[in-house]
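Contents: one structure, followed by commentary.
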């Protein structure tokens, strides 16, 4: 017990204190109302993609989103990836806004883009775009209400959204933020801690269940200067509640790496036991974390430049469609995915983003029998940091995840059959 | 087939329900006052009005239909004109054909809105599906954003300066100072204009209309009816309207008038130089310039020179927005789309509240409305003549 208190005390001193007299501002949001058809833009932006409607009959590109082609009146409008290339035709810097969210963050740089294939877009303009008219590229991002918005960025190379103080709002940049990684004992958890440290996190609390069990790498973790190991067992409500009481009011980003994976087909000996263990960590663990930490994150969603901003779950591509050799695990991740949707809606009410990662098989002991390509824990951790720095909420890192996603999007029933027939 | 003329259609009884910055009343109150003032001006009982055209943004959940029962009107002709700044021009076109062909005898055209402290935000946030989905989430600037973008494009492309727009705003203010109903009562200097608070670059405070509450109205009838009632009237010579003109332009640098102005002047049997004064839609000064150009008073891009060459005041050259326009009288929602028509009728019938334009024989009223996404969709114009 004394050891626990010492750890928590150390963590608390290291977190910067703020002036307790100042009131923590309440979160405000950009307007979230969208027509159903406009949510097609959000669906693509959630994956980090720009898609616009294209007429299947006359190929005209459409914007704003609509029900019927503006040229030939066809109703067969398909969402298709778009390169976003065009010209910034005019721009303004807005110094007056009607909604509180924008008013609190004035001014905003806004422009009109003419895409090369003819559509006109109202966009945010990145600070690094110089002069009008000029060539630009349009990207999609998610605003703090979780809805898609379009951004004009320089035409070549990748653009750091965080470099623009306004467009940083579209990201969950881990730099200078205080982060809880719920399990640091796994290879993934340890890779995530290192990647977040490299990305400039101010401090990282690393949860450790059953500290008497020494695990490879946990000593090395203690060398990461920002990291502080704290006791956390997501299967124990009291443990989650205690940690939330101690550090919950300081956490800006929660990364849930807690994972239980027992490679069990549903007919295997011990399948029920495996399923219960997996559900207790993967599903109930998430529920316990949500109950204790979500209200605290929401309360600090507007707390200055280092506000509470994101919740990340490491799920599995098996959550999309059950992979029978990992039948119980797939089911627990599907349950967690469903729960995360409810949690996402709750968190967005305060502007806190929930990001789900759907990795394919990872190069660890539980996916031992899976054939390559497999995702290294470092690659997964890098994808996680990139998602925080960018502007998306669903991440499918690696070739297998991308392959399964494509198959799922094209024909979910076909994927179910393929997996049940053993075709991975 | 050539369009038929408007024959003996006339406009009479211009009325204004005085504007206020904010009101605790509903739109029904302002529209009801407008109708009462119309009846008083024409000295007719309510039963004589058998047609009604209504424009309002704040009448919801009602439309013109609900208003008939609210105001106790029994009508044989009714139109709801949700076209904002183009609403009066469109109402005139509709009502003219109705009275010309006997579908109605006296049509009341009214436009008006209330303005509560939060109504402007609520109206702009759900103005249209495209605005809600693809403009409002970008800073919630409302029309300020859209007009800032097209003003900056116009300035860059045609070399206009802020001082050019300033001259228009100051001239309108000078006209407004003689209009007792204008909300702005103090002169505007170029220095004040140029150094006012930034709203959306390059727009500053005095480039932007001030939303308020109020209503405007007039009656459309045949000349014989007006004579029987002893009402001074203006004749309708010509009218055009156009919606979603030039959809492929990358940004709005011209409006539908450019498509239809030849027809307008041909129908009126006049040239632009014959017009004695204009009432153009003016929520931001750049749109005045587009109307000068697209209606043929000067060429495209010649706006800056045209501004230098004229005074726009009632006693000067090219009198424009002779009651002060919306920029100096206030923008009472859809009443803003009627203010120019009402002032033109006043000028042509010798009933001005402010300064008359000497020997005003022909007036042009132009409308522009509804920034549905990135540009104004509705445009139109009418030419009116003194009796």
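The values are calculated or read from the model by the stated rules, or taken from the named source; none is laboratory data. Computed from a predicted model, the values in this text were never measured in an experiment. Ideal geometry is used to build each Cβ from the backbone, glycine not excepted, and the neighbour counts take in all protein chains shown.
Select, from B:75, B:67, the only residue that is at pLDDT 95 or above, farther than 19 Å from residue B:235 by Cβ, in the same structural domain as residue B:223 (by TED's automatic domain parsing) and in a loop (DSSP other than H, G, I, E, B). Residue meeting the stated conditions: B:75. Could we say that residue B:134 is assigned by TED's automatic domain parsing to the domain that holds residue B:279, modelled with pLDDT of 95 or more, more than 24 Å from the chain's Cα centre (by Cα) and crowded, with 21+ Cβ neighbours inside 10 Å here? Spelling it out, residue B:134 is indeed assigned by TED's automatic domain parsing to the domain that holds residue B:279, modelled with pLDDT of 95 or more, more than 24 Å from the chain's Cα centre (by Cα) and crowded, with 21+ Cβ neighbours inside 10 Å.
One residue stands out in region A:68-95 among those that are more than 14 Å from chain B (Cβ to nearest Cβ) and assigned to a strand (DSSP E or B): the one that is nearest to residue A:49 (Cα to Cα), namely A:81.
Give the residue that is nearest to residue A:277 (Cα to Cα), with candidates limited to residues of region A:234-248 that are touching a strand residue (DSSP E or B) at 6+ places or on another chain (Cβ under 8 Å) and surrounded by 21 or more Cβ atoms within 10 Å (Cβ to Cβ). Within region A:234-248, the match that is nearest to residue A:277 (Cα to Cα) is A:234.
Within region B:40-70, being buried (at least 19 other Cβ atoms within 10 Å of the Cβ) and farther than 29 Å from residue B:372 by Cβ holds for B:42, B:49, B:50.
The residues of region B:349-387 that are out of contact with any helix residue (DSSP H, G or I) (no Cβ under 8 Å at 6 or more places or on another chain), part of a loop (DSSP other than H, G, I, E, B) and buried (at least 19 other Cβ atoms within 10 Å of the Cβ) amount to a single one, B:349.
Rundown of residues vs (1) in contact (Cβ under 8 Å) with a residue 24 or more places away in the chain; (2) part of a helix (DSSP H, G or I), yes/no style:
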residue: A:378; (1), (2): yes, yes
residue: A:383; (1), (2): yes, yes
residue: A:387; (1), (2): yes, yes
residue: A:392; (1), (2): yes, no
residue: A:401; (1), (2): yes, yes
residue: A:406; (1), (2): no, yes
residue: A:415; (1), (2): yes, yes
residue: A:419; (1), (2): yes, yes
residue: A:424; (1), (2): yes, no
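Of all residues in region A:306-321, none satisfies being farther than 30 Å from residue A:145 by Cβ, outside the structural domain of residue A:149 (by TED's automatic domain parsing), outside any helix (DSSP H, G or I) and out of contact with any helix residue (DSSP H, G or I) (no Cβ under 9 Å at 6 or more places or on another chain).
If you check residue B:195 against the conditions, is it crowded, with 24+ Cβ neighbours inside 10 Å and either at pLDDT 95 or above or within 22 Å of the chain's Cα centre (by Cα) (or both)? Taking the combined requirement at face value, the residue does not satisfy it. Residues that are out of contact with any strand residue (DSSP E or B) (no Cβ under 7 Å at 6 or more places or on another chain) and on the phi > 0 side of the Ramachandran plot are absent from region A:329-350 altogether.
For residue A:386, the test of being within 19 Å of residue A:340 (Cβ to Cβ) and either assigned by TED's automatic domain parsing to the domain that holds residue A:357 or buried (at least 22 other Cβ atoms within 10 Å of the Cβ) (or both) is failed.
Residue by residue, here is whether (1) within 7 Å of another protein chain (Cβ to nearest Cβ); (2) free of Cβ contacts under 8 Å to residues at least 60 places away in the same chain; (3) farther than 30 Å from residue B:49 by Cβ; (4) not in a loop (DSSP other than H, G, I, E, B) holds:
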site	(1), (2), (3), (4)
B:109	no, no, no, yes
B:141	yes, yes, yes, no
B:147	no, no, yes, yes
B:152	yes, yes, yes, yes
B:163	no, yes, yes, yes
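For region A:178-280, the strands (runs of 3 or more DSSP E) that sit wholly inside it and include 2 or more residues that are in contact (Cβ under 8 Å) with a residue 60 or more places away in the chain, more than 21 Å from the chain's Cα centre (by Cα) and over 23 Å from residue A:343 (Cα atoms) are A:227-231. In the set A:91, A:104, A:99, only one residue is under 23 Å from residue A:169 (Cβ atoms) and crowded, with 22+ Cβ neighbours inside 10 Å; that residue is A:91. Would a scan of region A:361-375 turn up a residue that is closer than 30 Å to residue A:30 by Cα, under 20 Å from the mean Cα position of the chain (by Cα) and outside the structural domain of residue A:139 (by TED's automatic domain parsing)? There is no residue in region A:361-375 that is closer than 30 Å to residue A:30 by Cα, under 20 Å from the mean Cα position of the chain (by Cα) and outside the structural domain of residue A:139 (by TED's automatic domain parsing). The residue of region B:259-283 that is surrounded by the most Cβ atoms within 10 Å (Cβ to Cβ), among those that are in contact with a strand residue (DSSP E or B) (Cβ under 9 Å, 6 or more places away or on another chain) and farther than 27 Å from residue B:356 by Cβ, is B:260.
Could you please give the count of residues in region A:34-70 that are surrounded by fewer than 17 Cβ atoms within 10 Å (Cβ to Cβ) and either within 25 Å of residue B:126 (Cα to Cα) or assigned by TED's automatic domain parsing to the domain that holds residue A:386 (or both)? Qualifying residue count for the region: 6. Being at pLDDT 95 or above and more than 21 Å from residue A:145 (Cα to Cα), is that true of even one residue in region A:33-40? Looking for residues that are at pLDDT 95 or above and more than 21 Å from residue A:145 (Cα to Cα), one finds none in region A:33-40, hence no. Of the candidates B:312, B:318, the single residue that is surrounded by fewer than 24 Cβ atoms within 10 Å (Cβ to Cβ) and modelled with pLDDT of 95 or more is B:318.
Considering only region A:55-64, I want to know if a residue exists there that is within 22 Å of residue A:145 (Cβ to Cβ) and within 11 Å of chain B (Cβ to nearest Cβ). Looking through region A:55-64, at least one residue is within 22 Å of residue A:145 (Cβ to Cβ) and within 11 Å of chain B (Cβ to nearest Cβ).
Taking the conditions (1) within 14 Å of chain B (Cβ to nearest Cβ); (2) in contact (Cβ under 8 Å) with a residue 40 or more places away in the chain; (3) surrounded by 23 or more Cβ atoms within 10 Å (Cβ to Cβ) in turn, residue A:151 satisfies each one other than (2).
When residue B:246 is tested against (1) more than 28 Å from residue B:299 (Cα to Cα); (2) within 14 Å of chain A (Cβ to nearest Cβ), exactly one condition is not met: (1).
Condition check for residue A:144 on (1) within 23 Å of residue A:29 (Cα to Cα); (2) within 14 Å of chain B (Cβ to nearest Cβ); (3) in contact with a strand residue (DSSP E or B) (Cβ under 6 Å, 6 or more places away or on another chain): one failure, at (3).
Yes/no matrix, rows are residues, columns are (1) under 24 Å from residue A:112 (Cα atoms); (2) out of contact with any strand residue (DSSP E or B) (no Cβ under 9 Å at 6 or more places or on another chain); (3) not assigned by TED's automatic domain parsing to the domain that holds residue B:361:
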residue: B:148; (1), (2), (3): yes, no, no
residue: B:155; (1), (2), (3): yes, yes, no
residue: B:168; (1), (2), (3): no, no, no
residue: B:207; (1), (2), (3): yes, no, yes
residue: B:222; (1), (2), (3): no, no, yes
residue: B:227; (1), (2), (3): no, no, yes
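The single residue among A:242, A:210, A:202 that is in the same structural domain as residue A:318 (by TED's automatic domain parsing) and at positive phi turns out to be A:210.
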